[in-house]
Amino acid sequence: MNLLETYPADFLSSIAIDDSKSATRQSIFRKKRAGVEVLPTISLFSGGGGLDLGLESAGFDVRFSTDIDPYSMATLQWGKEEAHKLGKSILRNTVVHRESVNDLDPSFILEAARLKKGDVAVLAGGPPCQAFSIFGKRKGLADKRGQLVFEYLRVLSKIEPETFVFENVYGLLTVEGGCIFQQICQHLQEPKKGLKYTISAFRLNAAAYGVPQFRDRIFIVGSRTGKKIEGIPAITGPSLLPYRTVGDAFRGLPKIGASFPANHTGRNHSSGIIDRYSLMSAGERDSLTRINKLDLTRPSYTIIVGSDVGGGKGHIHPTEAREVTPRESARIQTFPDWWGFAGKVRHPIRQVGNAVPPILGSAVANAIRENILGISAIPFRDVLRTLSQEHLFQNELDKI
C-alpha cells in the first residue's frame, strides 16, 4: 500500500518533484567489487541491528552503525564478530560507534565510513518511535524523542545519500490527524535548499513478508534520481505461501536454559501467575499483564517493548505457562540464533521489541535495489540463508 495515494491531491502536489537533472544523474557509488555492486550504507538509530541485518542480507554494505544505547552497540559488535566466525559477510566493513545523534558530526560519519559526500547509497534509520506509538501516549513532536526526526534530517542534508530509508510505527500516520506525517514527508522531500528527493511511503505488515508476526510499520523511501517504488509485493498471505506461524518460528529451538542460543532464559513467575497462564486458551489476553497467549498455528501478536521505566515483556508461550524468553521473541522477529543481545534481561527485550524484523528490512532493501538503483534483487532464498532463517520455510524452500 503506497500511503501517499491516501493523502489529498494538494498534499501530493506539494511533494512532487520535477528534477530532470537528478533523473540522469550518474551514481558515484556504482563501483563493483568482484563483479558485485558496492552499496555503501549509513545506519542511524541502529538499536539491536534489525534494519542493518535486513540491508546487509540484501547486499548493502553498512559502513557505519550508531546508537546512543551502549547495550545495542555491544550487540552489534558481538553480532559482527559472530558473523565473521561463521564465515558470513554481515557487518564486515561496519564501524560500530556509540554516540548521541545530537552530537554526531556528519563529517565524522563519512570519515569513519571511509566515504565522501555523495558516495553513500543509502542512509537508513528509524528515530525512536515511542513518541508516535499508541503504546507511547502519542505525544509526537511534543516529546523530545519526536524531535530526533530533525537530527535525522540534519544528517541527511549533510551526507546527501542517493537514497534514504526512514522507518517508524504506523501510529505516525494519525498523530494530530496526520499532520505530523505530512510535515515529516515535506521535510524529507527537501531537507535543504537544492537537495530534493522523490519519496515513496508504505505501511507494511511484517506478516506479509515472511515474518511470523503481525507487525505494522511505516517506511518512507527517498530517491535523488526521481524514481519511485510503486509497491512491495507480499511473499506470504492469501493466494501466496501461507503466513509463517509461531510454530515455524520456534522450530528446532533448544529447550529454555540451553547454553546456545544466547538470551534463552525466562522470568521466574509466581505460582499465581503460572496457574493463571495455564488456564488460558490460545489467543486469550491476560487481564492483569495485558499480554496475549500465542497460538502455534498463527503469526504472533506484535512484539512490544513496554514502558520506558519497565523492562518490557514477551507474550505468553503457546504451550507452557510462562512468558516467552527474549530469544523466543527474537525468533519471532527473525533474528538469527547467532545474533546475541547484550545486557541484562530488560536490555535484550527492549532491543528485540524496538527492532525492524530483519526479513522485513530485506524486503524494503530489495525494493530499493530493483526500483531505484536499477539492479537485481537478492533472491529471497539467499536472504533466508544469510539470516539463518531456513527453519521458517522448512517445507517450502523449493517453492521460493
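The values are calculated or read from the model by the stated rules, or taken from the named source; none is laboratory data. Note that the structure is predicted; figures quoted are calculated from it, not measured. So basically every Cβ, Gly included, is an ideal-geometry build from the backbone, and we count neighbours across all protein chains shown.
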Checklist entry - Can you tell me which of 284, 328, 323 is surrounded by fewer than 15 Cβ atoms within 10 Å (Cβ to Cβ) and of a type in the set (Asp, Glu)? => result 284
Checklist entry - Looking only at segment 378-400, which residues are surrounded by 15 or more Cβ atoms within 10 Å (Cβ to Cβ) and in a helix (DSSP H, G or I)? => result 380, 382, 383, 384, 386, 391, 392, 393
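What is the residue count in segment 236-266 for residues that are at negative phi, surrounded by 18 or more Cβ atoms within 10 Å (Cβ to Cβ), in contact with a Gly (Cβ under 9 Å, 6 or more places away or on another chain) and not charged (D, E, K, R)?
Residues of segment 236-266 that are at negative phi, as a first pass: 236, 238, 240-251, 253-256, 258-262, 264-266.
Now narrow it down to the ones that are surrounded by 18 or more Cβ atoms within 10 Å (Cβ to Cβ): 236, 243-246, 248-250, 261-262, 264, 266.
Subset that is in contact with a Gly (Cβ under 9 Å, 6 or more places away or on another chain): 236, 243-244, 261-262, 264, 266.
The next check asks that each one be not charged (D, E, K, R); those that pass are 236, 243, 261-262, 264, 266.
Number of matching residues: 6.
Which of the residues spanning segment 353-400 are touching a Pro at 6+ places or on another chain (Cβ under 6 Å) and touching a residue at least 60 places away in the same chain (Cβ under 8 Å)? Even if it seems obvious, please write down each step before you answer.
Kept after step one, since they are touching a Pro at 6+ places or on another chain (Cβ under 6 Å), are these residues of segment 353-400: 387-388.
387 - this is the single residue of segment 353-400 that is touching a Pro at 6+ places or on another chain (Cβ under 6 Å) and touching a residue at least 60 places away in the same chain (Cβ under 8 Å).
Residue by residue through segment 259-285, note down the ones that are under 28 Å from the mean Cα position of the chain (by Cα), of a type outside the set (S, T, N, Q) and at pLDDT 90 or above. Let's see the steps before the verdict.
Initial filter on segment 259-285 (under 28 Å from the mean Cα position of the chain (by Cα)): 259-267, 282-285.
Those left that are additionally of a type outside the set (S, T, N, Q): 260-262, 264, 266-267, 282-285.
Correct list: 260, 261, 262, 264, 282, 283, 284, 285.
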Next on the checklist: Looking for something touching a His at 6+ places or on another chain (Cβ under 7 Å), hydroxyl-bearing (Ser, Thr, Tyr) and under 21 Å from residue 354 (Cα atoms) - is there at least one such residue anywhere in segment 298-321?
Outcome noted: yes
Item to check | Considering residues of segment 358-376 that are among the hydrophobic types (A, V, I, L, M, F, W, C) and within 22 Å of residue 197 (Cα to Cα) only, the residue surrounded by the fewest Cβ atoms within 10 Å (Cβ to Cβ) | outcome: 375
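May I ask you to say which residue of 372, 349 is among the β-branched types (Val, Ile, Thr), more than 26 Å from residue 251 (Cα to Cα) and not in a loop (DSSP other than H, G, I, E, B)? Don't jump to the end; show me each part of the working.
On the way: 349 fails: more than 26 Å from residue 251 (Cα to Cα).
It is 372.
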Checklist entry - Which residue pairs have Cβ atoms closer than 9 Å, lie 6 or more positions apart in sequence or on different chains, and pair a first residue in segment 183-207 that is more than 30 Å from residue 392 (Cβ to Cβ) and among the acidic types (Asp, Glu) with a second residue that is surrounded by 18 or more Cβ atoms within 10 Å (Cβ to Cβ) and at pLDDT 95 or above? => result 190/196; 190/197
Next on the checklist: Show the residue pairs meeting these rules: Cβ distance below 7 Å; 6+ apart or different chains; first residue within segment 210-235 and at pLDDT 95 or above and in a loop (DSSP other than H, G, I, E, B); second residue buried (at least 18 other Cβ atoms within 10 Å of the Cβ) and basic (Lys, Arg).
Outcome noted: 210/244; 211/244; 212/244
